[in-house]
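Asker: Encoded as structure tokens, here's the structure I'll be asking about.
The values are calculated or read from the model by the stated rules, or taken from the named source; none is laboratory data. Model, not experiment: these values are computed from the prediction. FYI the Cβ positions are ideal-geometry reconstructions off the backbone, even for glycines, and counts take in every protein chain you see.
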Amino acid sequence: MNRPLFRWLLAALAGMLVLGLAACGQEEEGTPRPGASPAAASPIRGTITLGLIDMFSSATQQYIANSIRAGFEIAIEEANAAGGVAGYRIEVVTADMGESTDRAVAEAQRLVNERGIRLITIGINSGAAVALAELAKNRQDFLVNGAFATTRRLTGESGSRWAARANISTVEIGGTMAQFLRDKNQIRAVAIVAPDYEYGRHFAEDFKAQLGRIRPDVRVVREEFPPLGARDMTPHAAAVQAARPDLVVIGVFGGDLINFLRAARDLGLTPGTQLFIHGVDLVKMETLRDVLPDGS
């Protein structure tokens, strides 16, 4: 865990919250009114509450969501021990969206309406991040931050002053992966495996767009889009195996990634095929490192 980065993120989030309160026409406690005396300008220290919505009860993604929550809690504990952010104590309130975007929206409305929270971070789910960004743009009384949601729409087509991101998007991911293949002349055929929702579809689209620009000679011989949380990845691994790619570009993550790698191992896909994986949790993936072929 990069703790300085987490502390920087918390400071940035707190700064966004102050700006958001000003944009919403709300007055921060202790903020002097125009014409106030210098003595009245001394701020009253209080608490800044952040919201974190994630897939805490998802059967396949909860361990990533819990890792994100743990990172927030550790960084907040360290920040508060050092005096908080600008003298304000930070706290986080979490809410569970399961695997439902509608539930994420409902939880966001609850946090804003009942808890008065003005900055909400969405952890993993890109579709939920876009939905919350639209809600924030319509309400204009809270800000949305995408922590690990990588859809380009969050700060692209659906972007507004009410949404920000703390992660790269699928545009940068696709460009990086395509650049990797620039001088890999032995790779002529690739397959793509990505989850069937907002992030996964953009992951495939942006990789193919950059690949066509950098290596137009490389063919995409198969695309597989398993549903988020798929337990049986055998059909998807078998379809990839039948296409005989030189490289499999993988965008599934968390439990889905582990399930795909297990299915690929059982079918005998991985020994002769390189894997290029985005979104790997290296700590938890360590138990499966022996099934990854050389060069992955």
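Asker: When you check residue 186 against the structure, is it surrounded by fewer than 24 Cβ atoms within 10 Å (Cβ to Cβ), in a helix (DSSP H, G or I) and of a type in the set (S, T, N, Q), yes or no?
Answerer: no
Asker: Scan region 80-98 for residues that are buried (at least 21 other Cβ atoms within 10 Å of the Cβ) and either under 18 Å from residue 197 (Cβ atoms) or of a type in the set (Gly, Ala, Ser) (or both) and jot them down. It would help to see each step written out before you state the result.
Answerer: Filtering region 80-98 down to residues buried (at least 21 other Cβ atoms within 10 Å of the Cβ) leaves 85, 88, 90, 97.
Matches in region 80-98: 97 only.
Asker: Assuming residue 200 fulfils every condition listed in (1) surrounded by 24 or more Cβ atoms within 10 Å (Cβ to Cβ); (2) within 18 Å of residue 269 (Cβ to Cβ); (3) of a type in the set (Gly, Ala, Ser) apart from one, which condition is it?
Answerer: With (1) surrounded by 24 or more Cβ atoms within 10 Å (Cβ to Cβ); (2) within 18 Å of residue 269 (Cβ to Cβ); (3) of a type in the set (Gly, Ala, Ser) applied to residue 200, the lone miss is (2).
Asker: Would you be able to tell me the number of residues in region 239-275 that are modelled with pLDDT of 90 or more and surrounded by fewer than 16 Cβ atoms within 10 Å (Cβ to Cβ)?
Answerer: So the answer is 3.
Asker: Please pick out the residue among 85, 92 that is touching a helix residue (DSSP H, G or I) at 6+ places or on another chain (Cβ under 8 Å), modelled with pLDDT under 90 and of a type in the set (Val, Ile, Thr).
Answerer: Answer to the check: 85.
Asker: Tell me which residues, restricted to region 213-245, are of a type in the set (Val, Ile, Thr) and in a loop (DSSP other than H, G, I, E, B).
Answerer: Within region 213-245, 218 is the sole residue that qualifies.
Asker: Does residue 225 satisfy being not assigned by TED's automatic domain parsing to the domain that holds residue 106 and not small (Gly, Ala, Ser)?
Answerer: When the stated conditions are applied, residue 225 passes them.
Asker: Still on this structure: So how many residues does region 136-158 have that are in contact with a strand residue (DSSP E or B) (Cβ under 9 Å, 6 or more places away or on another chain), within 22 Å of residue 200 (Cα to Cα) and surrounded by fewer than 24 Cβ atoms within 10 Å (Cβ to Cβ)?
Answerer: Looking only at that region, the number is 3.
Asker: Scan region 91-98 and tell me whether some residue there is closer than 25 Å to residue 127 by Cα and outside any strand (DSSP E or B).
Answerer: Yes, because at least one residue in region 91-98 is closer than 25 Å to residue 127 by Cα and outside any strand (DSSP E or B).
Asker: On to the next question. Here are some residues: 106, 133, 129. Which one is outside the structural domain of residue 199 (by TED's automatic domain parsing), modelled with pLDDT of 95 or more and assigned to a helix (DSSP H, G or I)?
Answerer: Values: 133 fails: modelled with pLDDT of 95 or more; 129 fails: modelled with pLDDT of 95 or more.
Of the residues listed, the single one that is outside the structural domain of residue 199 (by TED's automatic domain parsing), modelled with pLDDT of 95 or more and assigned to a helix (DSSP H, G or I) is 106.
Asker: I'm trying to understand the selection: among the residues of region 137-178, which are out of contact with any helix residue (DSSP H, G or I) (no Cβ under 8 Å at 6 or more places or on another chain) and not in a loop (DSSP other than H, G, I, E, B)?
Answerer: 137, 138, 172, 176
Asker: What number of residues within region 74-90 satisfy the criterion of being outside any loop (DSSP other than H, G, I, E, B) and more than 20 Å from residue 149 (Cβ to Cβ)?
Answerer: Residues in region 74-90 being outside any loop (DSSP other than H, G, I, E, B) and more than 20 Å from residue 149 (Cβ to Cβ): 11 in total.
Asker: Does residue 47 satisfy being crowded, with 18+ Cβ neighbours inside 10 Å, within 27 Å of residue 138 (Cα to Cα) and without any contact (Cβ under 8 Å) to a residue 60 or more places away in the chain?
Answerer: Spelling it out, it is not the case that residue 47 is crowded, with 18+ Cβ neighbours inside 10 Å, within 27 Å of residue 138 (Cα to Cα) and without any contact (Cβ under 8 Å) to a residue 60 or more places away in the chain.
Asker: Mind listing whichever residues of region 100-130 are among the hydrophobic types (A, V, I, L, M, F, W, C) and farther than 16 Å from residue 200 by Cα?
Answerer: Going through region 100-130, the residues among the hydrophobic types (A, V, I, L, M, F, W, C) turn out to be 104-106, 108, 111-112, 117, 119-120, 122, 124, 128-130.
Matches in region 100-130: 104, 105, 106, 108, 111, 112, 117, 119, 120, 122.
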